[in-house]
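Read through the structure below, which is laid out as structure tokens, and then see the notes.
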Amino acid sequence: MADGDLVAHLPPALADKLAKVLGMLGSAHDGEVAAAGRRANAMVKGVGLTWGEVIARAAPRPQPPHRPPRRWRRVVSPTDAAALCLHWPEVLTGWEADFCRSIVGRRRISAKQAAVLTRIAAKIEAFARASGEWA
């Protein structure tokens, strides 16, 4: 059942009533607890839902982490290029991401490392230009 369907089947008035009935589960009287549990179950089943659907609907959805705006720009050093490349993890392979992380903070890199970094940076720059993330 889709999320939109759950809203249609569990109107706010019924949700409020269900919350009150569930509040009775804390009673010190066992009979009231059993009656509240049975009543809540009947309410949920009465609208054609399962407890899993009710709970899934009530649980907050995790929000994707906020990502600050990113812009590709002219790089000034190998460590700057590597750090900038890491802002586009969806474009990097696992190996490329590891390589860039290994370069960040270095004062010097070899000619071979520079060539690899240049290739990776060109790939990220092309992606940034195509996606409008070019400064």
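Here, each number is a calculation from the coordinates, and none is a lab measurement. Computed from a prediction, not measured in an experiment: that's the story for all the values here. Because the Cβ atoms are built from the backbone with ideal geometry, glycine has one as well, and the counts that use them run over all protein chains shown.
Brief remarks on what is shown
- Fully extending the segment from K20 to A122, taken as 0.36 nm per residue of separation minus the present Cα-Cα distance, adds 30.7 nm.
- Sorted by Cβ density within 10 Å, fewest first, the residues T118, T79: T118, T79
- Of I55, I120, the sequence from fewest to most neighbouring Cβ atoms within 10 angstrom is I55, I120.
- Eligible lysines near K112 by straight Cα distance, threshold 21 Å, same-chain separation 8 or greater: K123
- Between T93 and W51, the modelled label-to-label distance comes to 4.9 nm, taking each label 7 Å out from Cα in the direction of the beta carbon.
- Computed from the Cβ-Cβ distance with R0 of 22 Å, the FRET efficiency linking A111 to S131 stands at 0.10.
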